[in-house]
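Just so you know, all these numbers are worked out from the coordinates, no wet-lab data involved. Values in this document were obtained by computation on a predicted structure and should not be read as measured data. Cβ coordinates were reconstructed from backbone atoms using ideal geometry, including for glycine residues, and neighbour counts include every protein chain displayed.
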Amino acid sequence: MSISNRFSRRAFTSGASILAGASVLGGGLGMQRVALAQDGKPPKFLIVLGATGGASLIDGPLGIRMSESKNASTLNCYDDANVTTPLGDLRAVKQTSESLGPIPYPVTADQADFIRKYGSDMLVVPATTTSVNHGVAQRRSVTGNEAWLGRTLQELVALEYGKSVALPNAHLVTGSEFTSRGTDKSLPSYAYGETIADPILWPLSLHGSKGLPGGDRPDLIAKARLLRDQKLRQSSQFSRIFDGAPALKQWRDLRANQEAFEKADLITKLMIASDSAKYPLAKNGLASSPLSAKVREKFPNFESDPIESQAALAYLMFTQGVAVTATLGATFNFVYTGKTQKDGSLEAGGVKNLPIAFDYSHTVHRAAQAFMWARMYQTAASLIDLLKTTEFAGGQSYWDRTMIYIATDFGRTKVRPENAPDFSSGHDLNNGFVLLSPMLKGGKVLGGVNPDTGMTYGFDLTSGVPVKERQTSEKEVFGGILNAMGVSTTGSGLPDVPAMRKA
Amino acid sequence: VRPNIMQITLFTQFAALVLASSVLPGCSKKEAAPAPPSVSTATSKNNRLKFKGGERLVADLATGLSLEPSELCKELGLYDCKTAANISLGGVEPYLQTIYTPVGERTASTANAAERIALSACHLRMERDFAPAAEAALFAELAAPAPDLAKALAVSKRLYQKLLNRDASPEEVSHLTAFWKELSAEKEPAKAFATYACFAVATTEEALFF
């Protein structure tokens, strides 16, 4: 696929009656008529993958071997054989658990394959955050603790690269503060997130009639719309009385762009599902995205696993030029098939998401962390594979221009009852974040972890040299991500973090 | 407090002019021909309008078209359209999607989602009314043999009564009857008019906002 196939806001708005020099209209609509400027800056893409509930780094890339710790019996560290270092100083934890606490579902997870395959693009940034409240902490992980006028990373990426695409900031996970709206109300409305609650059926509502009874006559639909918008509206007292209402202005703006959505055929291009009894597309005059087979191969459980459907749509939105940032992630909901085996345990693959996600660590820390880290890594791996094999332009793949930010609320407490194989953990400010991108200085940890306490420490922002006395802040991670993404931070007061980005 | 939407019609002014022209001595009919009546409408100062949202939209359409809310529109013939586009239409879904309050403002797909429901509902009403031996609820005149302009006019008036709970103005009726004429070349103009005139009225701003 070449860059020319992308769906530009310019093309998107070309069918609409754009006011000369129109600026962004007020409100929070994800799509607006905007004044277009051809800045010629090809987009970069950000995926925020929400590791909801507290993804503990010492159960992942900063795993500690028992032999390394003075406090091995009471610290959350693992048998030496279960902690490997597949690449650079990135570690992997291997775990087996007969159940997820009271949930009769065995867990076997080994993070080594992921690190081996994708570790060269992986950067681990230990940090100490500022809240152990889930919602507050999630929000701070995308605003850098309100580091730049309360703008979110997603809004800033959309602002930088999304001016000429239709829905630059896609919010695919719901019920999460990873998708909270920033507090800077002065941004153009296209920068704010568009909530997409159902990635499978949502594309249907990008067309006003296709696939419905009566939708087989687009010519008559067009005439009816013309009748409504040009004649009946002019004759309507209601429309005249409320002509100045902001709600109607926004509505009219939406309607002005409807046709362009339809012409772009996003109802097809973003359709993940295949023709089936559950999704009878052909029978209703619809079809799957031409890329959907490739997507479904990587996300075979998209119908039952919310994070797979989110990731699948994110990929389609990027490669069809509809979005430049997508936020997905685990929700707090328990997702499972409910089918049991003879021994009463849930069927293999029958648990998709844990109740309260990573926060299920309150019940069984290690099993929960193992299950959820595997889920995050699997989602990231599938996305990277897809993006790597899709050409952006000039021999570059989409992955060459994409960053996956595994954002999380906070860490977990570091201790355990003496020699307990599994245990309950609480919330801890000390932890860090995992980033994946060819735009990063990957294959390493920026800073490290004290094997006696499990506490992580920071690094020199310029050289990247570990500094045990230093803690990396949310603001520094925020700035480093924007630096690596090539987002202009002029005037922001954000620190420059050359240690994170490739030159 | 709802805004005052009282129409200020200047018929009194017009009546005064007519009266004056008839009683004033020396004013011949030629000289005193009054200007066409001007009708002006006050505009709202508060402009407090709200999108109906999925629940009200479906309820109003179902009532107006004499259909059950659950049968108005099915995506892929299987999934209730309002449920499928629940969040786009301003709904909440606390149980699975953890959305406790509406997104806040309309999303990019809201207009299309609303149109899909209206189109499907109008088409269903048309099919029912045009079925053999059907007791038509909305399009009786058009479903009868030899539909013509007069019958389209009757249906036009009924569309406004059923969908907007008011009489259509003469101007609005004339727009709809013009639409009837526009569709005269269609193979089945009565069915086309029933479906798409209904769609047009059901998706007017007045039908979607309150």
**Fill in**
Most exposed first, judged by fewest Cβ atoms within 10 angstrom, A:TYR405, B:TYR100 run B:TYR100, A:TYR405
**Asked** So how long is each side of the stretch A:95-179 along the principal axes, counting just the alpha-carbon atoms, biggest first, in Å?
**Response** 49, 32, 28
**Request:** Counting other Cβ atoms within 10 Å, keep those with at most 15, restrict to DSSP loop, and tell me which GluC sites (Glu not before Pro) in the stretch A:438-503 are left.
**Result:** A:GLU469
**Request:** Kindly express, to the nearest 10 degrees and within the range 0 to 90, the angle between helix A:246-263's C-alpha long axis and the longest C-alpha principal axis of chain A.
**Result:** 90
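May I ask you to give the average projected area over all directions of the convex hull of the Cα atoms of the stretch A:188-313, in nm² rounded to one decimal?
9.6
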**Message:** Using only the Cα atoms of the stretch A:151-253, what semi-axes does the equivalent ellipsoid have when each is the square root of 5 times a gyration tensor eigenvalue? Give whole Å, largest first.
**Reply:** 32, 21, 12
**Request:** Work out from phi, with θ = phi - 60° and the Karplus expression 6.51 cos²θ - 1.76 cosθ + 1.60, the ³J(HN,Hα) of each residue of the stretch B:168-182, listed in order in whole Hz, and give x for Gly and Pro.
**Result:** 6, 6, x, 5, 5, 5, 5, 5, 6, 5, 5, 5, 4, 5, 4
**Item:** Hull volume in cubic angstrom per residue (convex hull over the Cα atoms of the stretch A:272-403)
**Value:** 130
**Rg to Rh, two decimals, where the stretch A:250-325 supplies the alpha carbon set and Rh follows Kirkwood** = 1.02
**Request:** Please work out the C-alpha center-to-center distance from the stretch A:356-398 to the stretch B:82-97 and express it in whole Å.
**Result:** 27
**Fill in**
Rounded to the angstrom and largest first, Cα extents along the principal axes for the stretch B:103-204 equal 48, 31, 27
**Request:** Could you go through the stretch A:384-399 in sequence order and give the Karplus-derived ³J(HN,Hα) for each residue, using 6.51 cos²θ - 1.76 cosθ + 1.60 with θ = phi - 60°, rounded to whole Hz, and x for Gly and Pro?
**Result:** 4, 4, 5, 5, 5, 9, 10, 6, 7, 5, x, x, 7, 8, 4, 4
**Prompt:** Where does helix A:474-485 land angle-wise versus the long Cα axis of chain A, in degrees 0 to 90, nearest 10?
**Reply:** 60
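Taking the alpha carbon gyration tensor of the stretch A:329-409, what are the square roots of 5 times its eigenvalues, largest first, to the nearest whole Å?
Ellipsoid semi-axes (Å, largest first): 32, 16, 9.
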**Prompt:** Taking amide hydrogens as modeled 1.01 Å from N in the peptide plane, which residues meet the under 5 Å criterion relative to B:CYS73, leaving out close sequence neighbours?
**Reply:** B:CYS81
**Message:** So if I restrict to the alpha-carbon atoms in the stretch B:46-170, what is the Rg, and what is Dmax, the biggest pairwise distance, in Å?
**Reply:** 16.9, 54
**In Hz, Karplus ³J(HN,Hα) per residue of the stretch A:340-348 (6.51, -1.76, 1.60; θ = phi - 60°; x = Gly, Pro)** = 10, 9, 4, 7, x, 7, 6, 4, 4
**Request:** Sort the stretch B:71-116 into rounded, prolate or oblate with this rule: let a ≥ b ≥ c be the square roots of the eigenvalues of the Cα gyration tensor; rounded if a/c is under 1.5, and if a/c is not under 1.5, prolate when a/b is larger than b/c, oblate otherwise.
**Result:** oblate
**Request:** Give me the angle, in degrees from 0 to 90, between the Cα long axis of helix A:306-319 and the longest principal axis of the Cα atoms of chain A, rounded to the nearest 10.
**Result:** 60
**Prompt:** Based on the Kirkwood radius over alpha-carbon pairs, what is the Stokes-Einstein translational diffusion coefficient of the protein assembly as shown at 10 °C with 1.306 mPa s viscosity, in µm²/s?
**Reply:** 57
**Item:** Exposure proxy order (Cβ contacts within 10 Å, fewest to most) of B:HIS123, A:HIS207
**Value:** B:HIS123, A:HIS207
**Fill in**
Its Cα gyration tensor gives the stretch A:216-263 an equivalent ellipsoid whose semi-axes in whole Å, largest first, are 22, 15, 5
**Fill in**
Given backbone amide H placed at 1.01 Å from N, residues whose amide H is under 5 Å from that of A:ASN333, ignoring those fewer than 5 places away on the same chain, are A:ILE356
**Prompt:** In the stretch A:252-358, what trypsin sites (Lys or Arg not before Pro) fall in a loop by DSSP, with at most 13 other Cβ atoms inside 10 Å?
**Reply:** A:LYS278, A:LYS339, A:LYS342
**Message:** Checking the table A:LYS185/A:LYS475; A:LYS210/A:LYS352; A:LYS231/A:LYS263 against a 28 Å threshold on Cα-Cα, which pairs fail?
**Reply:** A:LYS210/A:LYS352
**Asked** For the stretch A:333-479, what log10 I(q)/I(0) values come out of the Debye formula at q = 0.15 1/Å, with one point per alpha carbon and no solvent?
**Response** -0.99
**Request:** Give me the Debye-computed log₁₀ of I(q)/I(0) at q = 0.24, 0.25, 0.30, 0.31 Å⁻¹ for the stretch A:241-289, equal point scatterers on Cα only, no solvent, two decimals.
**Result:** -0.83, -0.86, -1.02, -1.05
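Using a simple charge model, +1 on the beta-carbon of Lys and Arg, -1 on the beta-carbon of Asp and Glu, nothing else, what dipole does the protein assembly as shown show about its Cα centre, in debye to the nearest 20?
For this selection, approximately 1560 debye.
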